[in-house]
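All remarks here apply to the structure that follows.
Every read-out reported here was derived from the displayed coordinates using simple, explicitly stated rules and does not represent laboratory data. In this text, all values refer to a predicted model and were calculated from it rather than measured experimentally. Cβ: placed from backbone, ideal geometry, glycine included. Neighbour counts: every protein chain shown.
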Amino acid sequence: MKAWRWLLFPLGVLYWGITFIRNFLFSTGLVGRHIIQGKSIVIGNLNVGGSGKSPMTLYLMKAFQSTHTIQLVSRGYGRRSKGHIQVNAQHTADQVGDEPLMYFQHKSERDEVHVAASRWEAIQGLSRQEKDLLLLDDAFQHLQIQAGFSILVSDFNAPFFKDYILPVGMLREPRQGAKRANLMMYTKCPETIDEATKQYYISQAQRYQLPAFFSRIVYTPLKSITNVVLNETSEAILVTGIANPRPLKTHLEKSYALTCFEFADHHEFTLVDIQNIHQKFDTFDAVKPIIITTEKDFMRLKAQPLFEAIKHYPWYIQPIELMIENETEFLTIIKSYVSKN
């Protein structure tokens, strides 16, 4: 954490007090909460910024869509529309947000993806059946609703128990908010974790009576998204508009000499951006590069006229999967809740 943030300590105390009082009012019932009927799982975090909520949400969607109808509700960050919308194949990222559009690409025929700033507004508009499983993406701080199960995710490299309340640190609420969760998932973990470090992280979760699990991102083979394919090259242009592209860069640097175009999280790509990327591509002579982006970024690139501009160049998606240590034990806990009468 940068030293200058401590100058904001008085504001941090004020913000801590406001969030503490708010949480107290909901937890004691002095402010009413809407209890969600049926099975529902919240996926959220305590801090501002990317903590791996989206991969966790997508993992759960895939894990249960063979046995349940998934109803997924997300805020739809960055969308220009308002209110509650059920995502369909005609929607663009401008209309529903890039993450909900990404979830929609992975849904089964009977699954539903919804966006709404007010999660309760969306839930009221759902037609829920016994075998429906409601997933609430980034709704841990939405205390006006009470889900049946909550998963708290925390970046292994910036864990919540080492962070501080805004604006001194990046926590949205005091660390004690972790007590509302049922399970802790440390995300973005390295391939190997020494036992002492692992036990330390587990002990920090146990302070809030939470079982702890560890997950990491696995990069699967690149997927071409245009008809222009380069089978062998040692050069790549990486285009990202995500919170933290560093792990992806580290992975790709094992195979390619990288040229990077890094934009802010949820960046709204323009034709000028694409032209600049292609101009850089055209400067390569003997060995032409491939152009790599993330699946979430592609949700913003696939709309016209952007896709018309990229389709004549070798663009690829880097797909990812979530690998969970002790996955069987993790799924047993979730399935125990989902199947409970």
Q) What full-extension length gain, to one decimal in nm, is calculated for residue 179 and residue 196 as 0.36 nm per residue of separation minus the Cα-Cα distance? A) 3.7 nm
Q: Pick out, from 258, 88, 245, the residue whose Cα sits farthest towards the positive end of the charge dipole of the chain, with +1 on the Cβ of Lys and Arg and -1 on the Cβ of Asp and Glu.
A: 88
Q) What does the range 29-104 give for Rg and for Dmax, in Å, if only its C-alpha atoms count? A) 14.1, 43
Q: For the range 35-125, run through the GluC sites (Glu not before Pro) and keep only the ones in DSSP coil with at most 11 other Cβ atoms within 10 Å of their Cβ.
A: 109
Q. Taking only pairs that are 8 or more places apart or on different chains, how many Lys pairs in the range 225-341 have Cα atoms under 27 angstrom apart?
A. 18
Q. Whole-Å semi-axes of the chain's equivalent ellipsoid, largest first, each the root of 5 times a Cα gyration tensor eigenvalue?
A. 35, 24, 21
Q: Highest first, please rank the peptides 248-258, 68-78, 46-56 by the mean number of other Cβ atoms sitting within 10 Å of their residues.
A: 68-78, 46-56, 248-258
**Q.** 222 nm mean residue ellipticity, helices alone, for the chain (DSSP H n ≥ 4; -39,500 (n - 2.57); rounded to 500)
**A.** -9000 deg cm²/dmol
Q) What does a probe at residue 26 reach in the range 210-228, counting residues whose amide N is under 20 Å from the point 7 Å along Cα→Cβ? A) 210
Q) Taking the chain as a Gaussian network, where each spring joins two C-alpha atoms under 10 Å apart, which residue of 331, 30, 152 fluctuates the most? A) 30
Q. Using a simple spin-label model with points 7 Å from Cα along the Cα→Cβ vector, what separation in nm is obtained for residue 311 and residue 88?
A. 2.3
Q: Pairs of Cα atoms under 8 Å, at least six residues apart: use those to get the relative contact order of the chain, whole percent.
A: 19
**Q.** Gyration tensor (alpha-carbon) shape descriptor, the range 52-172, a/c threshold 1.5
**A.** prolate
Q.
Please compute one quarter of the surface area of the Cα convex hull for the range 223-318 and express it in square nanometres.
A. 5.5
**Q.** Two-site FRET efficiency, residue 260 against residue 332, from Cβ-Cβ distance with R₀ of 41 Å, rounded to 0.05
**A.** 0.50
Q. Which of these, 175, 300, 80, has the largest mean-square fluctuation under a Gaussian network model of the chain (Cα springs below 10 Å)?
A. 80
Q: Would you kindly calculate the translational diffusion coefficient of the range 174-236, applying Stokes-Einstein with the Kirkwood radius from alpha carbon pairs, for 25 °C and a viscosity of 0.890 mPa s, and quote it in µm² s⁻¹ without decimals?
A: 163
Q: Give the calculated FRET efficiency between residue 222 and residue 270 to the nearest 0.05, with a Förster radius of 30 Å applied to their Cβ-Cβ distance.
A: 0.75
